[in-house]
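The structure appears below as structure tokens.
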Amino acid sequence: MSQWLNQVIEQAKQVDDYLAPVRQQALQTLVNDGWPGRRDEAWRFTPLTAVTDRESQLAGAQKAAQAPDVEGLNAIDLVFANGQLVTDLSDITWPEGVSVSTLAEAGEHEAAVASVFGQVKPARHLFGLVNDALCQQGIFIDVAENANVETPIRIVNLATENVDAHTRVLVRLGESSRATIIEHGTGDTQSLTTAFAEYDIASSAHLEHYRFVMFTGEATQLGGSHFKLHDKSELNSTFVGYGSQLSRVDVDIHHAGEFADAKMNAIYLLAEGELFDLHSTIEHAMPNGTTEENARGVIGDRARAVFNGRIHIHRDAQKTLAELNNRNLLLSRRALINTKPELEIYADDVKCAHGATVAEIDESALYYLLTRGVTRSKALVMLNFGFIQELVNQMPNAALREWLLPVLSERFARMEVK
């Protein structure tokens with residue numbers, strides 16, 4: 001057992017509210033399972049030394065904080081600073097069909113919150129259990145049936161102090177509704193953030209989802225986004241992740257209804273010495289579901305990336321169409337990627353495929369650009385962009401696409417191997 005986890009368990013024993021049944025179950029699992037070792041398959045390539053001996057400390061009251069600017073994005077921003085919600089929900093005019101409350105002041109929404117909290121995210125995620133037990137700062141977004149919410153809702157997590165931040169986002173989409181949710185995390189100072197989100201997507205509802213995991217430097221980020229799809233529901237999700245001393249994202253997509261459709265694109269970019277870990281699990285439990293997952297990574301010098309993508313086709317999930325691809329580009333011989341795409345199929349009438357590739361920069365393409373007067377730095381940016389731009393271009397939101405391209409260009413410039 002780690003020093004940090006022992007402290008977390010003691011802190012969690014003091015939390016008592018209407019979510020106590022889930023919190024107590026999470027706490028008991030943490031006590032029973034303890035701290036994972038290198039023999040634990042889920043953490044085999046991702047050392048937890050940045051957390052093991054950490055002193056657990058929660059932040060006090062926070063002042064107002066500014067969300068990162070995205071030109072052209074007309075969104076409603078909900079800002080957490082070091083784990084504390086600093087946005088006053090009463091100051092916001094919500095679109096028709098949307099109601100939002102905090103977890104601490106859910107009032108008449110307590111039953112609805114409890115119907116989602118811990119019910120979408122699987123119980124196997126270590127830091128998800130920590131979040132279950134400790135998070136008191138979080139929001140519940142409820143979208144009514146048939147509501148078409150055109151204004152995106154952006155949840156921002158800022159890490160600026162050396163404290164532990166445990167935040168939660170719960171989203172419930174009613175039947176035939178549409179909404180866009182953006183999770184945006186950033187910070188480069190020594191800190192620890194567990195940010196988990198659960199989405200219950202009702203029949204024929206459509207969710208456009210983004211998660212920008214832009215923690216760098218000494219920041220430690222351990223979070224996840226988890227989705228439950230009902231009959232004929234649709235999910236279009238994009239993840240963009242940076243590396244830091246330790247950054248991990250767990251994604252679960254559960255096809256709990258027939259004819260559900262999920263698309264997930266992921267991009268991860270690691271500068272020198274950074275670590276990023278993406279674990280995704282797609283559960284096809286019902287027939288006629290479709291999944292398309294594409295993950296592409298660019299890994300800098302001495303950086304380490306981990307990708308574990310699993311698609312599980314249950315016995316009753318006939319007529320499933322699922323595809324998983326992971327492509328990686330190494331910027332140096334000292335860059336490392338541990339990739340493990342998995343297919344586990346128990347139905348016999350399905351079409352499924354998976355694959356992974358690892359490559360280095362094409363020296364002939366680089367030479368071609370250099371001989372035509374392009375600087376090495378710019379040439380590397382151009383080649384890297386060509387590798388990931390296809391996924392950027394598939395993002396439905398034009399403002400986010402236009403914002404992300406120069407942001408990634410700047411990131412690539414810092415990733416150049418000297």
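If you take the charge dipole of region 67-120 about its Cα centre, with +1 on Lys and Arg Cβ and -1 on Asp and Glu Cβ, which of 89, 67, 109 is farthest toward its positive end?
In region 67-120, that residue is 109.
Convert each backbone phi in region 285-300 into a coupling constant with the Karplus relation 6.51 cos²θ - 1.76 cosθ + 1.60 (shift: θ = phi - 60°), then list the ³J(HN,Hα) values in order as whole Hz, x for Gly and Pro.
9, 10, x, 6, x, 10, 9, 10, 10, 10, 10, 10, x, 10, 10, x
What is the ratio of the Cα radius of gyration of region 31-120 to 2.2 N^0.38 Å, where N is its residue count, to two decimals?
Expressed relative to 2.2 N^0.38 Å, the Cα Rg reads 1.55.
Which of the residue pairs 228/319; 232/340; 13/263; 121/263; 263/340; 340/378 have a Cα-Cα distance greater than 27 Å in the structure shown?
232/340; 13/263; 340/378
Just 273, 223, 72 to compare: in a GNM of the chain, with alpha carbon springs under 10 Å, which one fluctuates most?
Taking springs between Cα atoms under 10 Å, the residue moving most is 72.
Taking only the Cα atoms of the chain, how large is their convex hull per residue, in Å³?
Enclosed volume per residue, from the Cα hull, is 139 Å³.
I'd like the distance between the alpha-carbon centres of region 11-73 and region 159-216, rounded to an integer number of Å.
When both Cα centres are located, 15 Å separates them.
Measuring from a point 7 Å past the Cα of residue 353 along Cα-to-C-beta, which residues in region 297-329 have an amide N at less than 11 Å?
322-325, by backbone N distance to the label point.
Within the chain, what percent of beta bridges assigned by DSSP are antiparallel, to the nearest 5?
Of all bridge pairs located within the chain, approximately 5 percent are antiparallel.
Just how large is the dipole of the chain about the Cα centre, in debye to the nearest 20, putting +1 at every Lys and Arg Cβ and -1 at every Asp and Glu Cβ?
With Lys and Arg at +1 and Asp and Glu at -1, about 1520 debye.
Order these peptides, 61-68, 304-311, by their mean beta-carbon neighbour count within 10 angstrom, highest first.
304-311, 61-68
For the charge dipole of region 325-418, defined by +1 on Lys and Arg C-beta atoms and -1 on Asp and Glu C-beta atoms about the Cα centroid, which residue among 335, 375, 395 has the Cα displaced farthest towards the positive pole?
375
Looking at the square roots a ≥ b ≥ c of the eigenvalues of the Cα gyration tensor of region 354-410, which shape do they give, rounded for a/c under 1.5, prolate if a/b is larger than b/c, or oblate?
Oblate, since a/c reaches 1.5 and b/c is not below a/b.
What helices does the chain hold that run 30 Å or longer along their axis, going by alpha-carbon atoms, with a Kyte-Doolittle average of 1.6 or more, using DSSP H for the helix calls?
Answer set is empty.
Quick note: the coordinates plus some simple rules give every number you see, no bench work behind them. Note that the structure is a prediction, hence the values are computed from the model and not measured. FYI the Cβ positions are ideal-geometry reconstructions off the backbone, even for glycines, and counts take in every protein chain you see.
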